[in-house]
Amino acid sequence: MSTTRAPYRPEDLTFQYDRTALLKRLRQALPRPEQVIDDAEGLRPYECDGLAAYRQLPVAVAIPDTVEQAQAVLAACHELGVPVTARGAGTSLSAGSLPHPQGIILSLARFNRILAIDPQRRTARVQPGVRNLAVSEAARPYGLYYAPDPSSQIACSIGGNVAENAGGVHCLKYGLTVHNVLSATVLTPEGEQVVLGGDALDAPGYDLMALYTGSEGMLGVVVEATVRLLPEPVHKDVLLAAFPTVESGGHAVAALIAAGIIPAGLEMMDGPAIQAAEDFVQAGYPTDAAAILIGEFDGTPDEVAEEIERVTALLREHGANEVRVAADADEQARFWAGRKNAFPAVGRISPDYYCMDGTIPRHKLAEVLTGIEALSREYGLRVVNVFHAGDGNLHPLVLYDGNVPGEFEQTEALGQRILELCVDAGGTVTGEHGVGLEKINAMCHQFSREELDQFHAVKAAFDAAGTLNPGKAVPTLRRCREFRTLPASGSAEQSQPEPEQL
C-alpha cells in the first residue's frame, strides 16, 4: 500500500497525560521487558490492521500474559486518562484496531488457549486470541464445529469476531457471532472483571452480551468467551450455478429466499472475481459466466436431495445457464476455496484494493449491483463484487493504484457513494466488518441526530472517560455537520455545541 494516511484529525487529539508516568506504570504491571514496546520499530507492526491505507503509531504496546496483568494495564490507563485500543489478530478491515495517536495498544495475542470443550453441552470456552478456525479444529473429534466462519478464519481471533460481530459464508442459516456466543468475561475501562450472559439460552435482565457483541471494543475488553458448537451435518451438497448477467443472479437469490429455502450458505461472485479466483486456486469455475452462485445445503440425504431439486428448478427458471452439484468432498472444497480466497485472488490483479461492507435487502440485490456498476463507470475505477448473497451483505472491492496521486481519495469517495447507495436501498453501512474509522462518515448518512445521541449515551454509560477505542464507530455531531447535514428529525445546525467524544 503506497498511499497511507492517519485518519485522526488534529482537533481530535485531546488527551493529556504524563507519558513517562504511563510507561512506568505499564512496566510495573508487566514485569518482563518484552511485554512493553515503545520504540518506533517495535511499534511499526501495530500501526494498522487489515485496512492498511490508514496507519497510526501508538505511544506504546502492552502485551499481558494474564487477565490480572490486563486488569492492571487498564486500571493504570484509566487513572492517567490514556486511550486504550484492544487488538487481537489485527485482521479488521475497517481500521477498528487502529491505535489512537496518544494511546496504547492492549495486545491480547497471548490469550490464545482453548480452555475447555464440552461435547455434551456443545460449547467451547476460549480465550480471545484463539483463531476462529482453531475452535472447529479442536471440536472436530467430537463431531462438532463453530459455525461463524469469516474468510479470514485461518487468522482472525474470537475476541475480534465478538468485537465486530463477524459473520461468514454460513451465517445465513446459523447466524452471526452474536447468535453463537453464550457468555463472555469482560474487563471494564477501570479494569474490573464482569461476566455477561450465561450457560442457559436466556437470562434475566438486559441482554448485555448482545450489546457488547459488535461494540468494536468501545465498551469493554473480552478476555474469555463461551461459544456454541453445532453438530457436523449428516449430509451436505454444494451447488454452483452460472448466470449470463449479474442482475439475473441477484433475482435468483431473491427468488430462493422468497420460496422459503434457507441454504447453509449462499455466495455470489461477479465475472472479474470469478476469473481472479479461478486463476488463483483453479476452483473449476466457469470463467465465461457474468456471475456465479455457490450454495451449500445440509440435512439428511433425502432432505438435501429434495432441496437441491427445488433449487435447481428455481435457478434455471431465473436464468441460470448452468447448474452443477459438486461430485465429492474434494470438489466441494474447491468450490468454497475459490470464494474463501477471492480477496487475495483480487490482490493479484490490482496494486491495491479497498474492500467495502454494505448490507441491503435481498430483493434489492439486482438494483444495487446495477447502481454499483454505474458508480464504477462514473469514478473510472474497477469494482469487483464478492458477497454473502443470502443475507445481502455486499463486499465490493474497489481496485486502485496507491502510487497514482489522488487515486486513493477518489476510491474513498466511491466507497462512500456505494455505502450511501446501500442505505438508500433500505440497508446499512456494515454487515460484519464494523464501522471503525473507515465508515464513520457514512454513519452520518444513515442515522439521525437523535439516534447518534443515544449511541453516545450508551458509550458514556459504560466508558464515561471515553478512553476505550475512542473516535470509532459513532461519529460526533460536529463531524456529521462537517460531512453533511444530519438526516431525519432535529436540525444539526440549530443544536447546541457538544463536546467531542475524544
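What follows is calculated from the coordinates using simple rules that are stated; it is not laboratory data. As the structure is a prediction and not an experimental result, all values here were calculated from the model. Note that each Cβ is placed from the backbone with ideal geometry, even for glycine, and that neighbours are counted across all protein chains shown.
At each listed q (0.15 Å⁻¹), what is the log10 of I(q)/I(0) that the Debye formula gives for region 114-231 modelled as equal alpha-carbon point scatterers?
Reported log10 I(q)/I(0), two decimals: -0.59.
By the gyration tensor of its Cα atoms, with a ≥ b ≥ c the square roots of the eigenvalues, what is the shape of region 142-198: rounded for a/c under 1.5, prolate for a/b over b/c, or oblate?
The shape class here is prolate.
For every helix of n ≥ 4 consecutive DSSP H residues, a contribution of -39,500 (n - 2.57) applies; sum these over the chain, divide by its total residues, and give [θ] at 222 nm rounded to the nearest 500 deg cm²/dmol.
Numbers: 17 runs with 173 residues, N = 502.
My calculation for the chain gives -10000 deg cm²/dmol from helical runs alone.
In what sequence, highest mean first, do 262-275, 198-211 appear when ranked by Cβ atoms within 10 angstrom?
Final packing ranking: 262-275, 198-211.
Taking Cα centroids, how far is region 15-51 from region 251-319 in Å?
48 Å
Could you tell me which Cys residues in the chain have no other cysteine's Cβ under 4.7 Å from their own Cβ, answering none if every one has a partner?
Cysteines of the chain left without a disulfide-compatible partner: Cys48, Cys77, Cys156, Cys171, Cys355, Cys422.
What aspartates and glutamates could a cross-link reach from Lys364, if we take a straight Cα to Cα line under 12 Å and drop same-chain neighbours fewer than 8 places away?
Lys364 reaches Glu247, Asp391, Asp424.
Each residue of region 69-84 in order: what ³J(HN,Hα) in whole Hz does its phi give by Karplus 6.51 cos²θ - 1.76 cosθ + 1.60, θ = phi - 60°, with x for Gly and Pro?
3J(HN,Hα) across region 69-84, in whole Hz: 5, 4, 4, 5, 5, 5, 4, 5, 5, 5, 5, 8, x, 9, x, 10.
Using per-residue counts of other Cβ atoms within 10 Å, averaged over each peptide, order 441-451, 390-400 from highest down. Before the final figure, lay out the partial values.
On the way: 441-451: 19.9, 390-400: 23.6.
Those peptides, ordered most packed to least, come out 390-400, 441-451.
Setting aside same-chain residues fewer than 8 positions from Lys459, which aspartates and glutamates have a Cα under 12 Å from its Cα?
Of all the aspartates and glutamates, those that pass the test against Lys459 - Cα under 12 Å, at least 8 places apart if same chain - are Glu216.
Using r as the Cβ-Cβ distance of Asp328 and Arg122, and R0 as 22 Å, what FRET efficiency do you calculate, to the nearest 0.05?
0.20
Quick one: which residues, 5 or more positions from Gly299 or on another chain, have an amide H under 5 Å from its amide H? H modelled 1.01 Å from N in the peptide plane, none for Pro or chain starts.
Val234, His235
What's the ranking of 291-297, 16-22, 33-39 by average number of surrounding C-beta atoms within 10 Å, highest first? Display every interim value, and only then the final one.
On the way: 291-297: 26.0, 16-22: 13.3, 33-39: 14.9.
In descending order of packing, they fall as 291-297, 33-39, 16-22.
Can you list the HN-Hα couplings for region 159-174, worked out from phi with the Karplus curve (6.51, -1.76, 1.60; θ = phi - 60°), rounded to whole Hz and with x for Gly and Pro?
x, x, 4, 5, 4, 9, 6, 5, x, x, 5, 9, 6, 4, 9, 10
Please list, in order along region 106-113, the HN-Hα scalar couplings obtained from phi with the Karplus expression 6.51 cos²θ - 1.76 cosθ + 1.60 (θ = phi - 60°), rounded to whole Hz, x for Gly and Pro.
9, 7, 9, 4, 8, 8, 10, 10
According to the square roots a ≥ b ≥ c of the eigenvalues of the Cα gyration tensor, what is the shape class of region 235-344, taking rounded for a/c under 1.5, prolate for a/b larger than b/c otherwise, and oblate for the remainder? Intermediate values should be presented prior to the final figure.
Values: a/c = 1.98, a/b = 1.22, b/c = 1.62.
Here region 235-344 falls in the oblate category.
Relative to the first principal axis of the alpha-carbon coordinates of the chain, what is the inclination of helix 19-29, with its axis defined by its Cα atoms, in degrees from 0 to 90 and to the nearest 10?
Tilt relative to the chain: about 70 degrees.
Taking the 0 to 90 degree range and rounding to the nearest ten, how far is the long axis of helix 301-317 tilted relative to the main principal axis of the chain, both from C-alpha atoms?
In the chain, helix 301-317 runs at an angle near 80 degrees to the longest axis.
Of the beta bridges DSSP finds with both residues in the chain, what % are antiparallel, to the nearest 5?
85 percent
First measure r as the distance between the Cβ atoms of Glu367 and Ala203, then evaluate 1/(1 + (r/R0)^6) with R0 = 41 Å and state the FRET efficiency to the nearest 0.05.
0.50
Of the cross-linked pairs Lys340/Lys439; Lys236/Lys340; Lys24/Lys439; Lys173/Lys340; Lys236/Lys439, which ones have a Cα-Cα span greater than 28 Å in the structure shown?
Lys24/Lys439; Lys236/Lys439, as the Cα separations exceed 28 Å there.
Which entry in [x] 69, 64, 44; [y] 164, 54, 35; [z] 68, 55, 44 matches Cα extents along the principal axes in Å derived from the coordinates of this structure?
Identified label for the calculated read-out: [z].
Does region 16-138 classify as rounded, prolate or oblate by the C-alpha gyration tensor (a ≥ b ≥ c root eigenvalues; a/c under 1.5 gives rounded; else a/b over b/c gives prolate, otherwise oblate)? Walk me through the intermediate numbers first.
Numbers: a/c = 2.44, a/b = 1.51, b/c = 1.61.
Judged from the Cα gyration tensor, region 16-138 comes out oblate (a/c at least 1.5, b/c at or above a/b).
How many angstrom lie between the Cα centre of region 113-153 and the Cα centre of region 174-210?
If you average the Cα positions of each part, the centres end up 17 Å apart.
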